[in-house]
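These notes concern the structure reproduced below.
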Amino acid sequence: MGKRRLSLQQERRIRAERARALAANPHAGQAELRRGVVVARFGKALEVIDPDDPLAPPRRCHMRANLEPVVGDHVLWQTEAGQGIVTALAPRRTLLRRREGRKARVIAANVDQLAIVIAAQPEPHPALVDRLLAAAEIEHIHPLLVINKCDLPGTRDLLEIGESRQRLGYPLLQVSARTGLGVDALRAHLEAKTSVFCGQSGVGKSSLLNCLFPNAPARVGSLSEATPKGRHTTTVSRYYPLTTGAVIDSPGIREFDVACADESDLMQGFVDLRLLAAQCRFRNCSHREDPGCALVDAAAHGRIDPQRLESFHQLRLHYRMQP
C-alpha cells in the first residue's frame with residue numbers, strides 16, 4: 001500500500017479537528033493527528049493500522065460517539081491520556097452495502113474488488129451469486145468469481161454457474177485451499193487492490209485466507225453434520241494487508257439483499273439485462289408476459305441466461321415486499 005497524499009478536504013478536516021481539540025483542551029495541540037485504516041471493529045473499539053506501514057501491528061482505538069467507521073475506512077486518530085481515539089472519518093471512495101429492511105448496512109469501505117467465493121458444499125445458489133454481482137455493479141466494484149474446493153466432486157455444476165457469468169465478462173478462477181491449486185493466480189488478482197471475500201458459510205473463505213496469509217491464521221470451521229450448510233466461524237469483518245493492497249474477510253452469508261434506490265437502479269446491477277430492457281415495447285414493462293418484451297424474447301431464444309432473468313425477478317419481488 002503506497003504512501004498517499006492527503007486531499008484538500010482531508011487537510012481541512014485535520015486543521016478543524018486540531019482547532020476543536022485546542023479549544024477544548026489547551027494541551028490538546030500536543031497530540032499529533034495520525035492517519036489510519038480500520039482493520040477490525042468490536043462495538044465501539046477499533047483496530048487501526050498505519051497506511052504507510054501496513055504490516056506493522058495494529059493499534060487499538062476507541063471512536064468518538066458521532067462516528068460509525070467500518071472495516072476499510074480511512075480515519076484520523078490521536079493519543080489522549082495514553083489511549084488511541086479516532087476523531088475523524090475520511091471520505092469513502094466506494095462502499096459494499098446490503099439492504100436490511102429499509103436501511104442499508106455497510107459491510108466494508110474503499111473496496112476495489114468483490115471476490116465471490118462458491119463451492120460444491122454448501123450447495124451453491126445462483127441467485128445469491130447474481131445478487132452479489134448486482135451489488136458490485138451498482139457500487140462500481142469489480143467482481144471476481146472464485147470456485148473453491150475445485151479438487152472435490154460436484155465441481156461440474158459450479159462450472160456451469162461460473163462459466164455462464166464468465167461469458168458476461170466476469171473473471172473466473174478455480175482454486176483449492178487444500179492443495180494450493182490456483183492460489184498463486186488468486187494472489188495475483190489481489191495485488192494492488194482492496195478486495196473483500198463474500199460467500200456462504202463453509203465455502204472456504206478462511207481456508208483461502210490461511211493460504212494467502214500463513215502468519216495470520218483465520219478460524220476455519222466445518223460443515224454441519226445435520227445439514228450441508230456451513231457454520232459461521234468468521235463473526236466480524238477483518239482486514240488483512242498485503243504489501244500492496246489488502247483482503248477483507250466478511251462473515252458468511254445465507255441471504256443478501258441488494259441496496260438500491262429503486263427498481264430502475266436494481267436493473268443497473270444486471271449487465272446483460274439493462275441494455276436489452278431499453279428495447280422493450282413498453283416503458284413500464286414488467287419483463288414477464290408483456291407483449292414486445294425484449295428480455296423475455298432474448299431468454300426464449302437463448303441470447304440471455306433465463307436463470308439470470310429469474311434472479312432479477314426474485315430480487316425485484318423481494319424488494320417490493322420489504323416493509
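The values are calculated or read from the model by the stated rules, or taken from the named source; none is laboratory data. It should be emphasised that the depicted structure is a prediction, and the values quoted were computed from it without experimental measurement. Note: ideal-geometry Cβ built from the backbone for every residue, glycine included; neighbour counts use all protein chains shown. Surface areas here come from the heavy atoms of the whole protein model, side chains and all, with no ligands, DNA or RNA. Shrake-Rupley method; radii C 1.70, N 1.55, O 1.52, S 1.80 Å.
Every residue, every condition in (1) open to solvent by 50 Å² or more (accessible area, probe 1.4 Å); (2) over 18 Å from Q307 (Cβ atoms); (3) of a type in the set (S, T, Y), yes or no:
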| position | (1), (2), (3) |
| --- | --- |
| A119 | no, yes, no |
| L132 | no, no, no |
| V146 | no, yes, no |
| P153 | yes, yes, no |
Given the conditions (1) part of a loop (DSSP other than H, G, I, E, B); (2) under 27 Å from G72 (Cα atoms), every one holds for L144 apart from (1)
Here the qualifying pairs (Cβ atoms under 8 Å; residues six or more apart or on different chains; first in the range 269-290 and touching a residue at least 60 places away in the same chain (Cβ under 8 Å); second loosely packed, with under 13 Cβ neighbours inside 10 Å) come out as V271/G169
| task | May I ask you to verify whether R254 is out of contact with any helix residue (DSSP H, G or I) (no Cβ under 7 Å at 6 or more places or on another chain) and either buried (at least 19 other Cβ atoms within 10 Å of the Cβ) or farther than 13 Å from D130 by Cβ (or both)? | result | yes
Apart from one, (1) under 20 Å from Q307 (Cβ atoms); (2) part of a loop (DSSP other than H, G, I, E, B); (3) not hydroxyl-bearing (S, T, Y) all hold for E163; the odd one out is (2)
E160 fails exactly one of (1) over 22 Å from A246 (Cβ atoms); (2) in contact (Cβ under 8 Å) with a residue 12 or more places away in the chain; (3) open to solvent by 30 Å² or more (accessible area, probe 1.4 Å), namely (2)
Out of (1) part of a loop (DSSP other than H, G, I, E, B); (2) open to solvent by 20 Å² or more (accessible area, probe 1.4 Å), the one V111 does not meet is (2)
Restricting attention to the range 94-104, does a residue exist that is among the small types (G, A, S), in a loop (DSSP other than H, G, I, E, B), open to solvent by 40 Å² or more (accessible area, probe 1.4 Å) and at positive phi?
no
Reported set for the range 178-198 where residues are part of a strand (DSSP E or B) and either touching a His at 6+ places or on another chain (Cβ under 9 Å) or among the acidic types (D, E) (or both) is S195
Within the range 267-295, residues being open to solvent by 20 Å² or more (accessible area, probe 1.4 Å), farther than 23 Å from G169 by Cβ and of a type in the set (A, V, I, L, M, F, W, C) number 1
